[in-house]
Each structure stands twice: as structure tokens, then as C-alpha cells.
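What follows is a single structure, written as C-alpha cells, with notes after it.
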Amino acid sequence: MIRITIATCTYNAQSTLGRTLDSVLHQTYREVEHLIIDGASTDGTLAMAEEYKLKSDSAECYHDVVIVSEPDQGLYYAMNKALTHATGDYIVFLNAGDKLPSVDTLENISASIGEGEELPAVIYGDTDIVDDEQHFVRHRRLSPPEELTANSFLHGMLVCHQAFYARTDIARATPYDTRYRFSADFDWCVRIMKKAEREHLKMKNTGMVLANYLDGGMTEKNHRASLRERFVIMCRRFGIIRTIAFHAWFVVRLATKK
């Protein structure tokens with residue numbers, strides 16, 4: 001059985017954190033570590049996390065809950081902190097408001113790895129968008145390909161961050177680049193996939209919805225700034241000429257459709 005680390009980074013997240021904690025608490029899979037990396041919240045976030053830890057300690061399906069609360073410099077700094085604390089075979093980032101879609105999501109992820117199979121570098125799947133009331137809004141517009149490569153992300157972030165389970169040893173050796181304010185997750189996924197390809201490691205498509213993503217996250221609220229950052233990242237990771245050529249082709253294709 002693989003051990004899965006779920007990292008939830010919070011700051012004054014009292015209004016949205018509960019649904020995330022509940023979705024992890026009720027997972028039937030036992031080999032779970034849940035890191036709550038808090039940026040010294042001033043609302044009820046920490047009290048909610050402590051209450052959740054007590055529930056988890058007494059629950060039939062015990063999960064390890066670790067709470068760290070101290071000032072930090074922002075989301076991606078907190079994510080890097082989570083990488084240093086993680087003890088699971090895989091790590092995924094499920095932040096306040098996001099949730100696992102069913103009680104057996106983690107069990108199904110573990111079962112997707114065949115007996116005796118080398119642990120893939122990445123286990124991934126699809127994502128559904130939900131609203132504040134957890135009502136289904138739509139399937140995510142970008143869908144993961146059957147066979148994922150780093151080049152897949154030339155078409156956009158085809159795998160949502162919340163549905164991207166990275167092998168922890170690779171993730172820890174590939175920390176988030178905190179120079180980026182809105183798209184360091186995009187950059188992180190590309191670098192992990194490139195490392196996997198260099199080391200000839202597989203990336204496993206579960207064929208399942210692995211996360212319900214709260215509509216209107218940080219990247220969506222800063223959409224233009226995020227797109228500018230992504231262009232810079234693509235130039236850096238795929239080359240300037242290739243990135244410009246791909247964007248030009250994309251514009252031509254849109255114009256042709258019109």
C-alpha cells in the first residue's frame with residue numbers, strides 16, 4: 001500500500017476549510033498523511049484544524065494529521081514547506097475549498113498501481129468544478145490526455161494541480177519556484193514531468209475524477225497576470241521560438257474557426 005500525503009495550505013480559510021477536511025476525514029483508505037500548513041491565521045482556521053485532528057485520531061480509519069502554523073511569505077512558500085514535511089510516497093495539494101470527490105478516491109488511486117509495478121512519477125486524473133455550495137458547475141474545460149508528457153502542457157495545464165499526485169522524492173527535489181506569484185504550480189508540474197522523462201519513469205492516468213475544484217481560485221482571480229507568467233514559464237521550459245510558434249498557431253486556428 002502506498003502512503004499518500006495530502007497538503008492543505010491555509011490562511012484565514014475558516015469559511016471554506018471544513019469541506020476539505022471532511023472529504024479527507026471520510027476517506028476509506030488508511031495510509032494517509034494530512035499536512036495542514038497554515039500561515040498564522042487570525043480567524044478560526046487553526047481551531048478548526050485542531051478539532052479535525054482530534055476527530056481523525058479517534059476515527060475508525062485513522063489518518064496522520066500534522067499541523068504547522070507560522071508566518072510565511074505566501075502560498076508557494078507554504079507548499080515548499082509541505083514538501084519538507086511530507087512522508088508519503090506521493091503528495092498532492094488540496095487547498096481550502098477543494099475536496100476529494102468520493103470516500104474511496106484515495107483507495108482507487110492506490111489500486112490503479114498494479115502489483116509489482118514500479119511507482120509512477122505522477123498519478124493523475126480529471127477534475128470537476130464546483131461552486132461554494134459544492135454543486136457541480138461543469139467538467140474542467142481542459143482534460144488530461146491518455147498519455148501525459150511535459151509537452152502536453154504546451155496546450156495549457158491539462159492536469160489540474162489538485163489531480164496531480166507527484167512522487168514525493170521527485171517533488172521534494174523539485175521545489176516550487178517562488179519567483180512566480182500565480183503560476184508556480186504550472187512550472188512545478190512541467191519540471192516534474194521533464195524529470196520523469198529524463199529518468200524514464202511512467203506517468204499513470206487513473207481515468208477518474210480525482211478532485212472537485214472550487215470555482216474562482218487564486219489563479220482565476222488573477223487571470224491575466226497568471227497568463228503572462230505562464231508565457232514566461234513556457235519560454236523558459238520549452239524555448240522562446242517554440243512557445244511563440246505554438247501561440248501563433250493557436251491564434252491562427254482560432255481565426256480559422258471564426
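The values are calculated or read from the model by the stated rules, or taken from the named source; none is laboratory data. These figures come from a predicted structure and were not determined experimentally. Every residue, glycine among them, receives a Cβ derived from its backbone with ideal geometry; neighbour counts consider all protein chains shown. Accessible surface areas use protein heavy atoms only, side chains included; no ligands, DNA or RNA. Shrake-Rupley method; radii C 1.70, N 1.55, O 1.52, S 1.80 Å.
Which condition number in (1) assigned to a loop (DSSP other than H, G, I, E, B); (2) touching a residue at least 24 places away in the same chain (Cβ under 8 Å); (3) under 14 Å from the mean Cα position of the chain (by Cα) is the one that Leu158 fails?
Evaluating Leu158 over (1) assigned to a loop (DSSP other than H, G, I, E, B); (2) touching a residue at least 24 places away in the same chain (Cβ under 8 Å); (3) under 14 Å from the mean Cα position of the chain (by Cα) leaves (2) as the failure.
Look at Asp187 and say whether it is open to solvent by less than 80 Å² (accessible area, probe 1.4 Å), assigned to a helix (DSSP H, G or I) and modelled with pLDDT of 95 or more. I'd like the intermediate steps shown before the answer.
On the way: open to solvent by less than 80 Å² (accessible area, probe 1.4 Å): yes; assigned to a helix (DSSP H, G or I): yes; modelled with pLDDT of 95 or more: yes.
Criteria met by Asp187.
Only one residue in Ala78, Ala150 is of a type outside the set (Lys, Arg) and under 27 Å from Arg198 (Cα atoms), so which one is that?
Every option except Ala150 fails the conditions.
Please specify each residue of segment 106-128 satisfying the condition of being out of contact with any Gly (no Cβ under 9 Å at 6 or more places or on another chain), open to solvent by less than 10 Å² (accessible area, probe 1.4 Å) and under 17 Å from Gln162 (Cβ atoms).
The answer is Leu106, Val122, Ile123, Tyr124, Thr127.
Quick one: would you say Thr149 is surrounded by fewer than 19 Cβ atoms within 10 Å (Cβ to Cβ) and hydroxyl-bearing (Ser, Thr, Tyr)?
yes
Which one is surrounded by the fewest Cβ atoms within 10 Å (Cβ to Cβ) among residues in segment 209-225 that are at pLDDT below 65 and either in a helix (DSSP H, G or I) or acidic (Asp, Glu) (or both)?
Step by step, filter segment 209-225, then rank; the result is Lys221.
Could you go through segment 157-171 and let me know if any residue there is loosely packed, with under 14 Cβ neighbours inside 10 Å and in contact with a strand residue (DSSP E or B) (Cβ under 9 Å, 6 or more places away or on another chain).
No - not one qualifying residue is present in segment 157-171.
Out of the residues in segment 137-146 meeting the condition of being in contact (Cβ under 8 Å) with a residue 40 or more places away in the chain and within 19 Å of Leu214 (Cα to Cα), tell me which one is surrounded by the fewest Cβ atoms within 10 Å (Cβ to Cβ).
Ranking the candidates gives Val137 first.
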